[in-house]
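What follows is calculated from the coordinates using simple rules that are stated; it is not laboratory data. Note that the coordinates shown come from a computational prediction; the quantities given were computed from them, not determined experimentally. Don't worry about glycine lacking a Cβ; one is built from the backbone with ideal geometry, like all the others, and counts go over all protein chains shown.
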Amino acid sequence: MKKMTKERAEQIYQRVAVQHHTSVDHVKKQIKLAMIAGMYSQGPEIQKKWSAIPYDGDVPTPEELLIFLSDKVKNGLRET
C-alpha cells in the first residue's frame with residue numbers, strides 16, 4: 001500500500017470526482033462540510049477523536065484528515 005501524501009490525496013479526489021461526475025473542488029467542499037459537522041459535535045468522545053488528528057493550521061485540512069485516516073487503516077484502526 002502506498003504511503004498517503006497530500007499529492008496522493010489529490011489523486012484520490014480526482015478519482016472520486018470522475019467516478020461521481022463532479023469536480024475536485026466539489027469533492028473537497030463536501031468533505032469539508034462533513035468535517036465541520038464532526039468538529040462541532042458536542043460529544044466528548046467525538047471531540048477526543050478530532051483532537052487526535054495532527055494538523056498545521058487552525059483546523060485539519062481534508063488532506064490531513066485523509067492522511068491520518070489512511071495511517072489508522074494501515075495500522076488496524078487502533079484507538080488513539
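Students often check this: by mean Cβ neighbours within 10 Å, which of 62-75, 35-48 ranks highest, and how do the rest follow?
The most tightly packed comes first, giving 62-75, 35-48.
Return the aspartates and glutamates within reach of LYS28: Cα separation strictly under 15 angstrom, same-chain partners fewer than 8 residues apart disregarded; answer none if there are no such residues.
Straight-line reach from LYS28, under 15 Å: GLU7, GLU10, GLU63, GLU64.
Here are several values of Rg/Rh (Cα atoms, Kirkwood Rh): (1) 0.98; (2) 1.11; (3) 1.25. Which one was derived from the coordinates shown?
(1)
Report the residues of segment 1-25 in range of a label on LYS74: point 7 Å along Cα→C-beta, backbone N strictly under 14 Å from it.
Backbone N within reach: 1-9.
Using alpha-carbon pairs under 8 Å, 6+ residues apart, how would you state the relative contact order of the chain in percent?
Reported relative contact order: 33 percent.
On a full-extension model of 0.36 nm per residue, what is the gain between VAL16 and LYS29, subtracting their alpha-carbon distance, rounded to one decimal in nm?
3.4 nm
Distance check, please: which entries in LYS3/LYS72; LYS6/LYS72; LYS29/LYS74; LYS48/LYS74; LYS3/LYS74 exceed 18 angstrom between their Cα atoms?
Over 18 Å apart, Cα to Cα: LYS29/LYS74; LYS48/LYS74.
Can you compute the modelled spin-label distance between LYS3 and MET39, with each label point 7 Å from Cα toward Cβ, in nm?
A separation of 2.6 nm, rounded to one decimal place.
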